[in-house]
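In what follows, a single structure is set out as structure tokens and then discussed.
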Amino acid sequence: MKAWQHFKTITKHRWLVCCGCFRVGLYWQGLTHDLSKYSLTEFREGAKYYQGTRSPNAAEREDKGYSEAWMHHKGRNRHHYEYWTDMNRQTRNYESISMPRKYLVEMVMDRRAACMTYQGAAYRDDSALIYFDRSREKELMHPKTSRELGYILTMLAEKGEAETFRYLKESVLTGEPFPWERQGECPWTPSK
């Protein structure tokens, strides 16, 4: 039963991401989003730790101290900032790298869809921003990616989907500079 519930949850999530990606013109990314969740490594653990109200990766992590499914997933899906980490040749430390815009936009769609999936009727346009502000992610991702993501999630929270999706399609994905790149300052700064 948990396997069927997990299958329905990840399929619903993929569908929501696909719809969002299609709205902004990311057709291939919409179609291929999170296909690794159906792999044996990810699906087995997802079904085992399925709860329906949050990612099974969190429950797996609480049980084992790590999430095998998450480690598999983040290394195969470019819409996760964790994918964009590599060894700096000078410092010999692993460091974050700024995400290309098409994956940044897919990450926005992913976060929106995750909130919609797990919050159901309680979802609001500010849900993804609230989650982002409460997390430590902004400290871990590249500062440029964090700034861009924060700006887009704030726009979604304040101006809604229609205007945010238009902005993603007409400005972000076409390479237009973000407002602070034109004006020299960022209207949104990650809180610590």
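The values are calculated or read from the model by the stated rules, or taken from the named source; none is laboratory data. Since the structure is predicted, the reported quantities are computational estimates derived from the model, not experimental observations. Because the Cβ atoms are built from the backbone with ideal geometry, glycine has one as well, and the counts that use them run over all protein chains shown. The area values use the complete protein model at the heavy-atom level, side chains included, leaving out ligands, DNA and RNA. Shrake-Rupley method; radii C 1.70, N 1.55, O 1.52, S 1.80 Å.
Measure out, as a whole number of angstrom, how far apart the alpha-carbon centroids of region 63-108 and region 148-166 sit.
23
Pairwise over distinct Cα atoms, reciprocal of the mean inverse distance: report the Kirkwood radius of region 1-57 in Å, one decimal place.
Here the Kirkwood hydrodynamic radius works out to 11.7 Å.
Using the Cα atoms as the points, what is the convex hull volume per residue of region 59-123 in Å³?
116
Net charge around His6, counting only other residues with Cβ within less than 13 Å of its Cβ (Lys, Arg = +1; Asp, Glu = -1)?
+4
For every other residue with a beta carbon closer than 10 angstrom to the beta carbon of Trp70, add +1 if it is Lys or Arg and -1 if Asp or Glu, then tell me the sum.
-3
Quick check: from the Cα gyration tensor, does region 67-192 come out rounded (a/c under 1.5), prolate or oblate?
Cα axes put region 67-192 in the oblate bin.
I want the local charge near Gly52. Using Cβ-Cβ distances under 10 Å, sum +1 for each Lys or Arg and -1 for each Asp or Glu among the other residues.
+3
Using a 1.4 Å probe and counting only protein heavy atoms, arrange Arg124, Arg14 so the residue with the most accessible area comes first.
I get Arg124, Arg14, largest accessible area first.
Pull out a ≥ b ≥ c, the square roots of the eigenvalues of the alpha-carbon gyration tensor of region 1-122, then state rounded if a/c is under 1.5, prolate if not and a/b is larger than b/c, and oblate in the remaining case.
oblate
List the relative contact order of region 61-166 as a percent without decimals, with contacts defined as Cα pairs under 8 Å and 6+ residues apart.
With pairs under 8 Å counted, the relative contact order is 22 percent.
Check cross-link reach from Lys8 to the lysines: straight Cα distance under 28 Å, and skip same-chain residues fewer than eight apart.
Within the straight-line limit of under 28 Å, Lys8 reaches these lysines: Lys37, Lys48, Lys64, Lys74, Lys102.
Before anything else, pin down the relative contact order of the chain: Cα pairs under 8 Å, at least 6 apart, normalised by residue count, whole percent.
Result for the chain is 19 percent.
For region 124-175, what is Rg from Cα atoms divided by 2.2 N^0.38 Å, rounded to two decimals?
1.14
With every protein chain present, what is the per residue accessible area of region 63-168 (1.4 Å probe, Å²)?
52
If you stretched the chain out fully between Phe7 and Ala122, how much longer would it get, using 0.36 nm times the residue separation minus the C-alpha to C-alpha distance?
Residue separation times 0.36 nm, minus the Cα-Cα distance, leaves 39.2 nm.
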